[in-house]
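Reviewing the structure listed below.
The values are calculated or read from the model by the stated rules, or taken from the named source; none is laboratory data. No experiment lies behind these values; they were computed from the predicted model shown. With ideal geometry, Cβ positions are generated from the backbone for all residues, glycine too; neighbour counts draw on all protein chains shown. Remember, those area values only see protein heavy atoms, side chains included, never the ligands or the DNA or RNA. Shrake-Rupley method; radii C 1.70, N 1.55, O 1.52, S 1.80 Å.
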Amino acid sequence: DVQLQASGGGLVQAGGSLRLSCAASGFKFVDYDIGWFRQASGKEREGVSSISRSGRMSAYAESVKGRFAISRDNAKKMVYLQMNNLKPEDTAAYFCAKTKSRRTLTSPLTMRAADFDSWGKGTLVTVSS
């Protein structure tokens with residue numbers, strides 16, 4: 001049973017911080033890139049950040065670059081998303097997922113939702129102004 005479960009969401013004031021966690025199980029964690037996605041009410045799901053198998057490479061949406069930081073702990077099978085200087089427009093349900101296919105060493109990281117699977121239920125982040 002492949003599972004990636006996001007947690008750590010909550011209510012925070014603009015300018016504040018939250019750290020989201022993603023617990024993975026049921027697959028060889030180290031073989032897959034992991035992504036964070038979010039979906040605001042009435043909006044399409046969008047990629048926020050992704051991290052390579054080793055954790056040495058990461059990618060970010062322009063809207064969060066410089067504010068969010070993704071990391072992973074392969075020993076613990078965990079991925080984290082540190083979110084700083086939160087803005088009301090960050091309000092959304094946040095999901096983590098794994099890539100459907102193993103990325104080749106020369107391929108770029110992806111944040112396309114269609115490239116990921118094993119979606120969990122997500123965790124809600126609400127940023128008040």
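Quick look at the numbers
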{"quantity": "Flag for S25 being within 20 Å of D1 (Cβ to Cβ), over 13 Å from the mean Cα position of the chain (by Cα) and among the hydroxyl-bearing types (S, T, Y)", "calculated": "yes"}
{"quantity": "Residue list for segment 81-102, filter: under 13 Å from the mean Cα position of the chain (by Cα) and surrounded by fewer than 19 Cβ atoms within 10 Å (Cβ to Cβ)", "calculated": "Q82, A93"}
{"quantity": "Hits in segment 103-129 (condition: assigned to a strand (DSSP E or B), open to solvent by 40 Å² or more (accessible area, probe 1.4 Å) and more than 19 Å from G9 (Cα to Cα))", "calculated": "D117"}
{"quantity": "Segment 15-39: number of residues that are open to solvent by less than 20 Å² (accessible area, probe 1.4 Å), aliphatic (A, V, I, L, M) and closer than 21 Å to V127 by Cα", "calculated": "1"}
{"quantity": "Residues located in segment 86-115, provided they are among the polar types (S, T, N, Q) and more than 15 Å from V48 (Cα to Cα)", "calculated": "S101, T104, T106, S107"}
{"quantity": "Selection count where residues are touching a residue at least 40 places away in the same chain (Cβ under 8 Å), within 14 Å of the chain's Cα centre (by Cα) and open to solvent by less than 50 Å² (accessible area, probe 1.4 Å), scope segment 40-72", "calculated": "8"}
{"quantity": "Neighbours by Cβ (under 7 Å, 6+ apart or cross-chain): first from segment 110-123, farther than 16 Å from A40 by Cβ; second open to solvent by 30 Å² or more (accessible area, probe 1.4 Å)", "calculated": "D115/K100; F116/K100; D117/K100; S118/V2; S118/Q3; G120/Q3; G120/Q5"}
{"quantity": "Residue identified as in contact with a Phe, Trp or Tyr (Cβ under 9 Å, 6 or more places away or on another chain), small (G, A, S) and part of a loop (DSSP other than H, G, I, E, B) among G9, G42", "calculated": "G9"}
{"quantity": "Criterion: touching a residue at least 40 places away in the same chain (Cβ under 8 Å), in contact with a helix residue (DSSP H, G or I) (Cβ under 8 Å, 6 or more places away or on another chain) and under 17 Å from S128 (Cα atoms) - qualifying residue of A14, A92", "calculated": "A14"}
{"quantity": "Search result, residues across segment 61-83 that are in contact with a Lys or Arg (Cβ under 9 Å, 6 or more places away or on another chain) and in a strand (DSSP E or B)", "calculated": "R72, M78, V79, Y80, L81, Q82, M83"}
